[in-house]
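Inspection log for the structure reproduced underneath, given as structure tokens.
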Amino acid sequence: MTTIRMSLVLASLGIVTLAAEPTAPASQPALVTSSIEVDGVALRVRSSLAKRSDARAPVVVFESGAGMPLETWDPILEKVAAFAPVVAYDRSGTGQSPWDGQSPTPQRANARLKKLLELMGVPSPIILVGHSWGGALSRYFAGEYPQMVTAILYIDPTDVTMTEPMWRQMFASFGATAKDLEAFFAVMDTSTRNQPGAIRAEALVMMELLRSRTLEERHLKPAPNIPSSVLLASRVASLPKGMVPFDGDAYARALQAARLSGLRQWTQPSGRYLVVDGAGHFVHRDAPDIVIKEIQSLIDGTRAR
């Protein structure tokens with residue numbers, strides 16, 4: 001399966017996007033890129049902590065989608081750094097951070113992020129901004145370390161509250177069967193087999209979560225009652241004909257309807273729920289001003305509390 005076809009399968013879920021991203025601009029005066037060792041892994045970090053633009057603002061921590069380097073945030077990072085301290089990083093096995101060979105479960109990834117922030121001296125609570133699988137990791141982080149998070153912005157996140165029975169119900173809504181769902185999971189598995197080890201490992205973690213029947217099996221703790229906004233893509237990825245034994249367009253419509261309904265529940269008091277007109281999965285690239293405005297709104301909300 002080609003990389004393009006593989007990306008369509010995974011991007012249709014809001015799970016992982018493996019398309020090439022632009023490299024970082026040569027000059028970013030407010031941002032400093034460094035390497036910080038955590039648990040024996042040198043994590044690449046880009047931050048503005050050395051030049052804090054507003055000491056009153058909480059630090060904004062960015063969590064990228066699966067397989068994506070920190071450059072995915074280039075459209076907004078420097079602009080956010082103009083009004084708040086920021087931290088973006090490459091998880092182990094992504095970008096320029098080496099893989100440690102371990103399964104990158106949400107618990108392991110978030111424990112390492114917690115240690116990274118402590119080593120950097122980042123004060124709590126923080127604002128989390130997570131895209132795609134990074135949105136799911138942010139949801140896990142807030143449940144595991146609620147005292148460390150004051151607000152969250154989810155950007156077209158992977159819906160880790162959508163359990164396997166809900167997947168079956170979604171497939172049935174457009175006439176597909178349980179057998180079709182199993183075929184779909186098989187395509188997902190095949191699509192990642194030739195990927196680098198770290199990317200394959202992250203995909204396997206995500207697929208295992210999707211196939212679990214309950215939130216308890218996923219070890220997903222309740223989200224804290226903090227301002228949480230959700231920005232969703234309005235353009236959805238369909239599946240090419242012949243890739244799966246069911247109607248790929250009908251699947252895309254049904255999945256989008258399920259995601260719009262399920263992710264609305266992720267919005268917490270004073271947060272915002274918005275389907276961004278004309279935006280694809282990379283909402284922060286297609287509509288950067290909307291994302292920046294929402295981050296600013298969450299920061300303003302923390303000052304008012």
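Every read-out reported here was derived from the displayed coordinates using simple, explicitly stated rules and does not represent laboratory data. Since we're looking at a predicted model, the values are computed, not measured. Neighbour counts are summed over all protein chains in view; Cβ atoms, including those assigned to glycine, are modelled from backbone coordinates with ideal geometry.
Below, the figures for the structure above:
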| read-out | value |
| --- | --- |
| Charge context of Glu208, other residues only, Cβ under 14 angstrom, K/R +1, D/E -1 | +1 |
| Note, ³J(HN,Hα) from phi for the stretch 187-192, Karplus 6.51, -1.76, 1.60, rounded to Hz, x at Gly and Pro | 5, 4, 5, 4, 5, 10 |
| The chain, Cα convex hull volume normalised per residue, Å³ | 117 |
| Amide H contacts of Gly65 (H built 1.01 Å from N, under 5 Å, at least 5 apart or other chain) | His131, Gly134 |
| Whole-Hz couplings from phi, Karplus 6.51/-1.76/1.60, listed for the stretch 291-304; x for Gly and Pro | 5, 4, 4, 5, 4, 4, 5, 5, 4, 4, x, 5, 6, 7 |
| Crossing angle, helix 106-120 versus the chain [Cα axis fit, 0-90 degrees, rounded to tens] | 10 |
| Between helix 164-173 and the chain: long-axis angle, C-alpha atoms, 0 to 90°, nearest 10 | 60 |
| Proximal lysine pairs, the chain, alpha carbons under 26 Å, eight or more residues apart or interchain | 9 |
| Gyration tensor verdict on the stretch 76-120 (Cα atoms; rounded if a/c is under 1.5, prolate if a/b is larger than b/c, oblate otherwise) | prolate |
| Relative exposure of Phe83, Phe246, judged by other C-beta atoms within 10 Å (fewest first) | Phe83, Phe246 |
| Expected 222 nm ellipticity per residue - DSSP helices of 4 or more, -39500 (n - 2.57), all of the chain, to 500 | -12000 deg cm²/dmol |
| In order through the stretch 275-282: 3J(HN,Hα) via Karplus (6.51 cos²θ - 1.76 cosθ + 1.60), integer Hz, x for Gly, Pro | 8, 7, 4, x, 8, x, 4, 8 |
| Residue-count net charge about Tyr154 - beta-carbon cut-off 14 Å; Lys, Arg +1, Asp, Glu -1 | 0 |
